[in-house]
Amino acid sequence: MGKPRLAVWKFASCDGCQLSLLDCEDELLAVAGAVEIAYFPEASSDMQPGPYDVSLVEGSITTAHDAERIREIRRQSGAVITIGACATAGGIQALRNFADVEEFTRAVYATPSFISTLDTSTPIADHIRVDFELRGCPINKHQLLETINAFINRRRPNIPAHSVCVECKRRGTVCVTVARGAACLGPVTHAGCGALCPSYDRGCFGCYGPKELANTESLAAWARDKLGVADKDIQRLHHNFNAWSEPFRSEGDRHG
Amino acid sequence: MAEQRTIKVDYMARVEGESALDIVIEGDAVKDVKLKIFEPPRFFEALLRGRSFLEAPDITARICGICPVAYQMSAVHAMEDACGVKVTGPLRALRRLLYCGEWIESHVLHIYMLHAPDFLGKHSVVELAAEHPEIIRRGLRLKKTGNEIVGLLGGREIHPINVRVGGFYKIPTKSDFAALAEKLKLARDDALATVSWVSGFQFPDFDQDYEFVCLSHPDEYPYNEGRIVSSRGLDIPVQAFHEHFVEDHVAHSTALHCRLKARGHYKVGPLARYSLNYDKLSPLAKQAAMDAGLGRTCNNPFKSILVRAVEVVYAVDEALRILDTLERPDSPCVEVLPRAGTGFAATEAPRGMLHHTYRLDAEGNIAFAQIIPPTSQNQATIEDDLRHFIAPRLSLPDDQLQWQCEQAVRNYDPCISCSTHFLKLTVERR
């Protein structure tokens, strides 16, 4: 049996999540030994046709053409794994979903008629069946390696689903909210970054999106009533890289 | 009617983002060259409106996963310009150190992974590694050291979290800096070996008459500060950018083309920086350039890979100099209070000058944002390079012509994710 065939696809995104694979300086050559990198245009001009065993998908769907393209990728792929906040939540560009896209186009481009774009930026799972969603803006490269390893060995990825708050306790960081009164989304945000921001003396701003059953309403009320955070700033915290994910979406809508 | 040839590259590989190249040849004339950027627009300048000035470094980082530090640096300096604050002393030095990390990481990625395969007839770094494992391991090691600077000072390599308007959230410890310096001393040998390796590549004879544009600073090779200068006499403060430059919207690109109002297209990036700031390089970087056969200026875009390698030597050297003389700041940042006004900044991203403009209200809400990335400034020059490059090479078969045209585009390390607001190759012969 040949090596599993890996493909890496890009939609609307910053390239950072697929760069994570090239940032695995110590592991890249081992990965290239374990899989056949069949399609990865950012890294190779040898673009092999499908089918592929595993497809990594970066970016969100923002054009009619891309909405078609992702269906073809699904047909060509054994497993589809979305990597990063754009692919799993619509990304920062999903802020258009709350606004008038025609006005956005006029604001940026002199000749709006040259631009064809959908009114929304949506996650991949809104369009096709997705086998696994890896979160983060950007993703954690060690979690990416774990996920690839799991899929080529036909096991479940070991990616913890608890909150950033738990990661903070595990590394022994002093709570930035309790000790310094900083607004922090740690209790409602999916783990994966290793609770980075609190270890740099700042509150979490939600790069990994909402965890399961996140009680954003309670946290937001506490931030407003006990910490004196302005509604506008509570909205800004929820409406950034994972703005279109519930419950960040509606929590942000309740403030501002 | 003359014979028509079309050379098409539907999806450019080894560049960041989505683009295509269309070249139409009619008889022995190059009829049309289009670098098509179809990367979907993400509307950053629109979605920044209404956000806080403090959010700009975190949001604009997301424009590009390869050079987030550049976006963060242009954003914080523009906000500080708007608010009348100048960050000096060790905080200024640490920002420069962070930028050294990004230059090393981004340049080494491009040299080893994206561009060297063109010169050596390979499709990818993985193919290269099969033949030259030690060379590729050296590249990965050097890249990793760049990422370690960004990781320490920024919190993580992609979309750092430790950059803020006024400085940083937290300053690493003295022992962290000391450990980093030890790694950089080893990286210096790898950087010199990289220049030596790249200097052995075959470069097409292709000197062009460019107007180079970059920052220039009286005391240092430019990163975060300086005046905007050109090889044809432009010398302006960053605040006067819009009086001299204008963006045009063309149908085949979601990236706006930027040009000098007076003289049209120009070139930003390593060749511009090197040719206009050679004197400011460190003695070691100058020596490496001389050993590699470079003069004080370089007008051959195919040698950009060599100039990048020299800039890596400089960045490692400069990072060591900063660490050697660094005094840990008393506070991680200076306070920046918002005020109504407009701020401007330009910094030198790995691919060239990156200009930001923001208008703020009295509470620090962003009312207007304009971001001019390096690739959109270079797009017209890339097309012009291709026209000049193809004309004397029409007798080449399509596959060779296509390979060399793609290589010519990669000379620019184009970043399409950045510029979209880039590339697919089609050569059509009629």
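Any read-out appearing in this document is the output of simple, stated calculations on the displayed coordinates, not a laboratory observation. Every value quoted in this text rests on a predicted model; they were computed, and no experiment measured them. For neighbour counting, all protein chains shown are included, and Cβ atoms are generated from backbone atoms with ideal geometry for every residue, glycine included.
Legend: mean number of C-beta atoms from other chains within 10 angstrom of residue C-beta atoms, peptide B:151-159, equals 5. Within chain B, DSSP assigns beta bridges of which about 85% are antiparallel (rounded to the nearest 5).
Model label sites at B:Asp10 and B:Leu326, defined 7 Å from Cα along the beta-carbon direction, differ in position by 4.9 nm. The simple Förster model, with R0 at 60 Å and r as the Cβ-Cβ distance, assigns A:Asp233 and B:Asp207 a FRET efficiency of 0.65.
On average, how much area does the Cα convex hull of the protein assembly as shown cover when viewed from any direction, in nm²? If you can, show how the numbers build up before the last one.
Details: hull surface 113.0 nm².
The directionally averaged projection comes out at 28.2 nm².
Helix content alone sets the calculated 222 nm mean residue ellipticity of chain B: runs of n ≥ 4 DSSP H residues at -39500 (n - 2.57) each, divided across all residues, give -13000 deg cm²/dmol.
Under the rule a/c < 1.5 gives rounded, and otherwise a/b versus b/c splits prolate from oblate, where does region B:243-381 land using the Cα gyration tensor? Cα axes put region B:243-381 in the oblate bin.
The simple spin-label model puts a point 7 Å past each Cα toward its Cβ; for B:Thr88 and B:Arg263 those points are separated by 3.4 nm.
Applied to region A:12-20, the Karplus parametrisation 6.51 cos²θ - 1.76 cosθ + 1.60 on θ = phi - 60° returns per-residue 3J(HN,Hα) values of 5, 5, 9, 6, x, 6, 6, 4, 3 Hz, with x for Gly and Pro. Antiparallel beta bridges, as assigned by DSSP with both residues in the protein assembly as shown, represent about 65 percent of the total such bridges.
Classify region A:164-254 as rounded, prolate or oblate, taking a ≥ b ≥ c as the square roots of the eigenvalues of its Cα gyration tensor: rounded when a/c is under 1.5, otherwise prolate if a/b is larger than b/c and oblate if not. Oblate, because a/c is 1.5 or more while a/b does not exceed b/c.
Ellipsoid semi-axes for chain B, based on the Cα gyration tensor and the rule √(5λ), read 34, 27, 18 Å when sorted largest first.
With a ≥ b ≥ c the root eigenvalues of the C-alpha gyration tensor of region B:366-407, is it rounded (a/c under 1.5), prolate (a/b larger than b/c) or oblate? Kindly include the intermediate steps, with their values, before the conclusion.
Details: a/c = 6.58, a/b = 3.41, b/c = 1.93.
Prolate.
Measuring nothing but how far apart in sequence close Cα pairs (under 8 Å, 6+ apart) lie, relative to its length, region B:240-351 scores a relative contact order of 23 percent.
Here the simple spin-label model places points 7 Å from the Cα toward Cβ, and for B:Arg232 and A:Cys175 these points are separated by 6.3 nm.
Between B:Arg359 and B:Gln287, the contour length at 0.36 nm per residue exceeds the alpha carbon distance by 21.5 nm.
Looking at region A:5-152, what % of its DSSP beta bridges pair antiparallel, to the nearest 5?
Values: 2 of 19 bridges.
The antiparallel proportion sits near 10 percent.
Averaged over the residues of peptide B:143-149, the number of Cβ atoms from other protein chains lying within 10 Å of each residue's Cβ is 2.
Ranking B:Ser196, B:Ser106 by Cβ neighbours within 10 Å, fewest first, what do you get? Ranking B:Ser196, B:Ser106 by Cβ neighbours within 10 Å, fewest first, gives B:Ser196, B:Ser106. Given R0 = 51 Å, the distance between the Cβ atoms of A:Arg254 and B:Glu3 translates into a calculated FRET efficiency of 0.20. The amide H of A:Ser44, built 1.01 Å from its N in the peptide plane, has B:Arg14 as neighbours under 5 Å, considering only residues 5 or more places off or on other chains.
Among A:Pro210, A:Pro138, A:Pro198, the residue with the largest mean-square fluctuation in a Gaussian network model of chain A, with springs joining Cα atoms closer than 10 Å, is A:Pro198.
Between A:Asn158 and A:Asp100, full extension at 0.36 nm per residue minus the direct alpha carbon distance yields a gain of 16.9 nm.
Need one value for B:10-20: mean number of C-beta atoms belonging to other chains within 10 Å of its residues' C-beta atoms. If you can, show how the numbers build up before the last one.
Working: counts 1, 4, 3, 9, 6, 3, 7, 6, 8, 0, 0.
If you average over the peptide's residues, the count of other-chain Cβ atoms is 4.
Got the relative contact order for region A:164-254 handy, in percent, Cα pairs under 8 Å and 6 or more residues apart? Mind showing how you got there, number by number?
Numbers: 143 pairs, mean separation 22.7, N = 91.
For region A:164-254, the relative contact order is 25 percent.
Relative to one another, the C-alpha centroids of region A:69-114 and region A:197-256 are positioned 23 Å apart. Each residue in B:Tyr266, B:Tyr169, B:Tyr412 was given a count of other beta-carbon atoms within 10 angstrom of its own, and listing them fewest first yields B:Tyr169, B:Tyr266, B:Tyr412. Once C-alpha pairs closer than 8 Å and six or more residues apart are averaged by separation and normalised to the residue number of region A:1-117, the relative contact order reads 28 percent. Shown is the FRET efficiency for B:Asp28 and B:Thr297, computed with R0 = 35 Å from the Cβ-Cβ distance and rounded to the nearest 0.05: 0.60.
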